[in-house]
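Novice: Below is the structure I would like to discuss, written out as structure tokens.
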Amino acid sequence: MPHLPDVVLWSIPAFLLLTALELVSYRLRPAEETGDAGYATKDAATSIGMGAGSLVFDALWKIPIVAVYTALYELTPLRVPVLWWTLPLMLLVQDFFYYWSHRGHHVIRILWACHVVHHSSRKFNLTTALRQPWTTLTVWPFYLPMIAAGVHPAALAFCSSANLVYQFWVHTERVGKLPRPFEYVLNTASHHRVHHASQGGYLDRNYGGILIVWDRMFGSFVAEGEKPVYGLTKNIDTYNPLRVATHEYAAIARDLRAARDWRERLGRVFRGPGWQPAPRQDAPATTTEAVPAREHAA
């Protein structure tokens, strides 16, 4: 078993220091356009609480996930050694699968019910990065190809942690656009502001973790233009961590109870968050056009 550092644990002091610096920067110099102080106490507390809760729940989810990964790793005859030159390649491949996991969690409602937590804040600061879901059991299947190819589960965990740590700094409005070569290749604060925005032209764009090239390759990239408006298209007015973590699951349950048939029930779970069934024959005509993935009942 490879011995790799816990990059999330080692990064916690940096998280705290950078958050404190960002908070001070807003006190000394509020946002120029709006005078926004950047932070709201209840919102930041909720984000930090969600992050702390995710550590507990992730530890529980790891038990079955590690069991599945280990079983598959033992079955495959392939082995990828953990060397100085293979780790960057594993990070690259993990980032590729992260892109598809992230994209899937925006366009399939039952997966969105997990990920919506991260988009539920109407603020965009470094504490928003900590607003993590408590139901990440839906993420692990996207990385099965890496295990099947011979990547050790511990190496995959290291790559996933490194990806998560990288994304901390992109949750800020204090960093403008970087020089063009960086903006072209990397996921930056500018690109990620677009991802968290709720305007129609920005919805469900810029899924990249470390690299933005996947978005450029697969048609999901949009550059930052107009000022983003953060949050959901239909926001939830709560700072209760339990409700933040579960509100979309509750909405799915309500829709399932009201569904007319099994086709509608499957659509409510596996179609996009904005999917609506065709109107009934005897009902007034309404549009059946799907709305963007973040347009859903809160």
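The values are calculated or read from the model by the stated rules, or taken from the named source; none is laboratory data. Just so we're clear, the structure is a prediction, and the values are computed from it rather than from any experiment. Cβ coordinates were reconstructed from backbone atoms using ideal geometry, including for glycine residues, and neighbour counts include every protein chain displayed. When the accessible area is computed, the model is the full protein with side chains, heavy atoms only, and any ligands, DNA or RNA have been set aside. Shrake-Rupley method; radii C 1.70, N 1.55, O 1.52, S 1.80 Å.
Novice: Over all alpha-carbon pairs in region 94-175, figure out the percentage whose distance exceeds 17 Å.
Specialist: Numbers: 1731 of 3321 pairs.
Everything past 17 Å amounts to 52 percent.
Novice: Could you order the peptides 225-237, 141-153 from most to least packed, using the average number of other C-beta atoms within 10 Å per residue? Before the final figure, lay out the partial values.
Specialist: Numbers: 225-237: 14.5, 141-153: 18.0.
Per-residue mean Cβ counts within 10 Å order the peptides as 141-153, 225-237.
Novice: Which three numbers, in whole Å and largest first, are the semi-axes of the equivalent ellipsoid of region 1-50 derived from its Cα gyration tensor as √(5λ)?
Specialist: Values: eigenvalues 188, 35, 12 Å².
Result for region 1-50: semi-axes of 31, 13, 8 Å.
Novice: On the principal axes of its Cα set, how long, how wide and how thick is the chain? Give whole Å, largest value first.
Specialist: 65, 55, 36
Novice: Can you list, bin by bin at 5 Å, the percent of alpha carbon pairs in region 169-286, starting at 0?
Specialist: 2, 10, 15, 15, 15, 14, 12, 9, 5, 3, 1, 0
Novice: In addition: In a GNM of the chain with a 10 Å cut-off on Cα contacts, which of W84, W169, W100 has the highest mean-square fluctuation?
Specialist: W84
Novice: Ok, one more. What helices does the chain have that are whole DSSP H segments, at least 24 Å long along their own axis by Cα, and with mean Kyte-Doolittle hydropathy of 1.0 or more? Before the final figure, lay out each step's value.
Specialist: Working: long enough: 7-28 (31 Å, 1.64); 41-75 (50 Å, 0.81); 86-107 (32 Å, 0.14); 241-258 (26 Å, -0.11).
For the chain, where a helix must reach 24 Å along its axis and average at least 1.0, the hits are 7-28.
Novice: Binned at 10 Å from 0, what are the whole-percent values of the Cα-Cα distance distribution for region 54-205, short to long?
Specialist: 10, 36, 35, 17, 2
Novice: At 1.4 Å probe size, what's the solvent-accessible area of R260? Round to the nearest 10 Å².
Specialist: 100 Å²
Novice: Cα centroids of region 31-94 and region 141-201: how far apart, whole angstrom?
Specialist: Using only Cα atoms, the two centres lie 11 Å from each other.
Novice: Now a separate question. Could you tally the net charge around P228, taking each other residue with its Cβ under 10 Å from the Cβ of P228, Lys/Arg +1 and Asp/Glu -1? Walk me through the numbers before you get to the answer.
Specialist: Details: positive: R193, K227; negative: E173, E224, E226.
Once positives and negatives cancel, what remains is -1.
Novice: Of the cross-linked pairs K177/K234; K123/K234; K42/K123; K123/K177; K62/K234, which ones have a Cα-Cα span greater than 21 Å in the structure shown?
Specialist: Numbers: K177/K234 29 Å; K123/K234 15 Å; K42/K123 11 Å; K123/K177 19 Å; K62/K234 32 Å.
As for pairs spanning more than 21 Å Cα to Cα, those are K177/K234; K62/K234.
Novice: Working only with C-alpha atoms, what are the Rg and Dmax values of region 128-206, expressed in angstrom?
Specialist: 15.2, 41
Novice: May I ask which residue of G219, T41, W10 lies farthest towards the positive end of the charge dipole of the chain, with charges of +1 (Lys, Arg) and -1 (Asp, Glu) on Cβ and the Cα centre as origin?
Specialist: After comparing all options, I get T41.
Novice: Return the Cα extents of region 1-99 along principal axes one, two and three, sorted largest first, each rounded to a whole Å.
Specialist: 59, 31, 25
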